[in-house]
Amino acid sequence: MTDYDFDLFVIGAGSGGVRASRIAASYGASVAIAEEYRIGGTCVIRGCVPKKMLYYAADFAADLKKAQRFGWTLPDKKFDWATLRDVVLSDVTRLEGLYTQTLDNNHITHYKERAVIEGANQIKLASGKIITARHILVAVGAEPARLDIPGAELAVTSNEMFLLPALPKRALVVGGGYIANEFAGILNSFDVETTIVTHGDRILRGYDDEIAERLVEIGQGHGIDYRFNANLARIDKEKDGSLTAQLKDGSEIKTDLVLFAIGRVAHSRNLGLETANVKTNDRGAILVDHENRSSCPSIYAVGDVTDRVQLTPVAIREGQAFADRVFGHKAASVDYDTIPTAVFSHPPVASAGLTEEEAKKQYKNIKVYKSNFRPMRNALIDSPDRALYKMIVDGDSDKVLGIHLIGQDSPEIVQLAAVAIKAGLTKQAFNDTVALHPSSAEELVLLR
């Protein structure tokens with residue numbers, strides 16, 4: 001039997017890679033992991049966690065503007081971006097330390113340098129060190145996509161948004177997905193003149209149509225300018241440091257910051273995948289089977305680098321299942337059905353199960369229940385913003401197929417809603433449940 005330096009070598013110390021490493025080590029495997037940037041990965045270091053912190057701060061800004069409606073007098077309101085930025089970065093460093101501590105506590109060897117594949121069982125570190133492993137797991141995640149246009153280097157991506165030296169007065173957000181809408185809401189809440197440019201005719205593809213339309217309606221009411229069916233042609237820097245974004249229709253947008261939020265692509269370039277005949281798709285994502293095994297039997301991949309479902313909890317589940325199968329010899333798998341998702345926009349959007357559009361394609365008889373209401377909190381602060389809750393039901397079996405929400409606390413509500421859908425509960429089960437009053441969540445059991 002061939003001797004290897006490690007039973008498992010993981011490339012990428014994000015959520016999926018760290019989970020796989022920890023679980024494999026718990027089964028007695030010798031494990032090493034390499035990370036070229038910072039331990040914790042995209043979500044913890046420059047993704048959903050620090051972005052949620054900015055979301056909280058932006059939410060607080062909105063509350064301050066309505067403080068007088070609650071009886072508060074705040075004459076000296078002042079916002080300092082640098083203070084918030086540094087607090088967020090400090091907490092990110094704290095979390096990085098906790099992830100590193102997890103590796104140490106489980107006796108996992110970690111290398112803070114880039115690692116590339118040099119064969120089915122061989123890895124080379126940036127320092128030149130050669131390491132062999134019985135199994136290799138690629139968990140390098142994804143990176144922000146950039147437009148290939150003149151002046152693209154003048155734009156920033158979500159990676160740099162947490163490091164801005166100062167807030168711009170004007171911002172142009174390119175894209176219509178969740179990252180674009182989240183940062184647009186944050187910037188707008190901090191009184192940045194915000195414009196969203198997207199090449200499509202709507203935002204948030206994959207989410208319920210009416211929910212997406214409601215977000216645009218509310219966003220416009222808050223001052224966000226949406227430009228649909230618009231394509232960026234070039235970016236130019238002016239003498240005063242400002243930027244001019246030119247669209248393909250010839251129109252121009254003057255701004256101080258351009259944010260590319262057009263999606264994420266697998267971070268697989270120059271990883272040496274070809275040395276082990278690991279196949280990828282045309283976007284660079286590693287192709288894997290239901291066990292996350294690549295075309296090379298000893299090499300696996302989990303998380304965003306596979307470009308299946310780019311969500312941290314999914315990467316964690318895949319890392320856990322991989323380690324349980326390979327080192328725990330269990331029949332572990334990941335169920336990708338009814339994954340709850342959220343957009344931390346202003347207001348937030350949350351979804352679980354089939355949208356109305358998806359349900360119509362799969363079922364002959366569906367029923368749609370809606371509640372279009374102004375939450376008590378919004379009435380109190382004299383905000384016109386209205387929440388919208390939708391429930392999609394199979395008319396034949398009465399089974400709940402999907403729940404879609406926009407409004408304050410929607411992400412907190414949809415997590416339990418996903419459990420209900422997963423459990424196969426019927427609309428009647430919701431009807432039979434006593435409402436919790438006063439709350440927005442009670443609307444889900446009052447839908448008729």
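What ranking do H135, H290, H267, H222 get, fewest neighbouring Cβ atoms within 10 angstrom at the top? Intermediate values should be presented prior to the final figure.
Details: H135 25, H290 8, H267 22, H222 16.
Listing H135, H290, H267, H222 from fewest to most nearby Cβ atoms yields H290, H222, H267, H135.
Give the residue from A184, P165, A261 lying farthest towards the positive end of the charge dipole for the range 152-262; charges sit on Cβ (+1 for Lys and Arg, -1 for Asp and Glu) and the dipole is referred to the Cα centre.
P165
So what are the ³J(HN,Hα) numbers for the range 360-369, from phi and the Karplus equation (6.51, -1.76, 1.60; θ = phi - 60°), rounded to whole Hz, Gly and Pro as x?
Whole-Hz 3J(HN,Hα) from phi for the range 360-369: 5, 7, 9, 10, 7, 10, 10, 10, 10, 10.
Would you kindly work out the equivalent ellipsoid of the range 347-446 from its C-alpha gyration tensor and give its semi-axes, the square roots of five times the eigenvalues, largest first in whole Å?
24, 14, 11
Out of every Cα pair in the range 152-262, what percent are spaced more than 16 Å from each other?
Working: 3392 of 6105 pairs.
Of the Cα pairs, 56 percent sit more than 16 Å apart.
Given the chain, what whole percent of its Cα pairs are spread farther than 33 Å?
Tail fraction, whole percent: 44.
Give me the extension gain from D148 to S439: residue separation times 0.36 nm, minus the current Cα-Cα distance, reported in nm with one decimal.
Full extension from D148 to S439 adds 100.0 nm.
As a test of the formula, what do you get for the chain when each DSSP H run with n ≥ 4 contributes -39,500 (n - 2.57) and the sum is divided by the residue count, at 222 nm and rounded to the nearest 500 deg cm²/dmol? Present the calculation step by step, with values, prior to reporting the outcome.
Working: 13 runs with 139 residues, N = 448.
Per the formula, -9500 deg cm²/dmol.
Work out the FRET efficiency for T426 and T275 from their Cβ-Cβ distance, taking R0 = 60 Å, and round it to the nearest 0.05. Numbers along the way, then the final one.
Values: r = 53 Å, r/R0 = 0.89.
The computed FRET efficiency comes out at 0.65.
Between K65 and N105, how high is the FRET efficiency from 1/(1 + (r/R0)^6) when r is the Cβ-Cβ distance and R₀ = 30 Å? Nearest 0.05. Let's see the in-between values first.
Values: r = 45 Å, r/R0 = 1.50.
My answer for the efficiency is 0.10.
Which residue fluctuates the most in the chain, going by a Gaussian network model with Cα springs under 10 Å, if the choices are I130, I33, I218?
I130
State to the nearest 20 debye the size of the charge dipole of the chain about its Cα centre, where the only charges are +1 on K and R beta carbons and -1 on D and E beta carbons. Numbers along the way, then the final one.
Values: 52 positive and 58 negative charges, 31 e Å.
Result for the chain is approximately 140 debye, rounded to the nearest 20.
How many nm is it between the label spots at D337 and D249, if each spot is 7 Å from the Cα in line with the beta carbon?
Modelled inter-label distance: 4.4 nm.
Within the range 433-448, whose backbone N sits under 17 Å from a point 7 Å along Cα→Cβ of L416?
Residues 433-447 fall inside that zone.
Of T244, A342, V314, whose Cα points farthest to the positive end of the dipole of the range 239-345 (charges on the beta-carbon: +1 Lys, Arg; -1 Asp, Glu; origin at the Cα centre)?
Among T244, A342, V314, the one farthest towards the positive end of the dipole of the range 239-345 is V314.
If amide H atoms are built 1.01 Å from N in the plane of the peptide, which residues on other chains or at least 5 residues away come under 5 Å of the amide H of T426?
For T426, whose amide H was placed from the backbone, the distant partners under 5 Å are V400.
Based on the Cβ-Cβ distance from N231 to L380, what FRET efficiency comes out when R0 is 35 Å, to the nearest 0.05?
After rounding, the FRET efficiency stands at 0.25.
Give the angle, between 0 and 90 degrees and rounded to the nearest 10, that separates the Cα long axis of helix 312-326 from the longest principal axis of the Cα atoms of the chain.
Approximately 30 degrees, to the nearest 10.
Residue by residue, what Karplus-based ³J(HN,Hα) values in Hz, rounded to whole numbers, does the range 327-332 have, using 6.51, -1.76 and 1.60 with θ = phi - 60° and x for Gly and Pro?
Ordered by residue, 3J(HN,Hα) equals 10, x, 6, 10, 8, 8 Hz.
Set the bar at 26 Å for Cα to Cα. Now go through K364/K427; K51/K124; K77/K254; K51/K169 and name every pair that lies beyond it.
Those over the limit are K51/K124; K77/K254.
We did not get these values from a lab; they are worked out from the coordinates using the rules stated. Since the model is a prediction, treat every value here as computed from it, not as a measurement. So basically every Cβ, Gly included, is an ideal-geometry build from the backbone, and we count neighbours across all protein chains shown.
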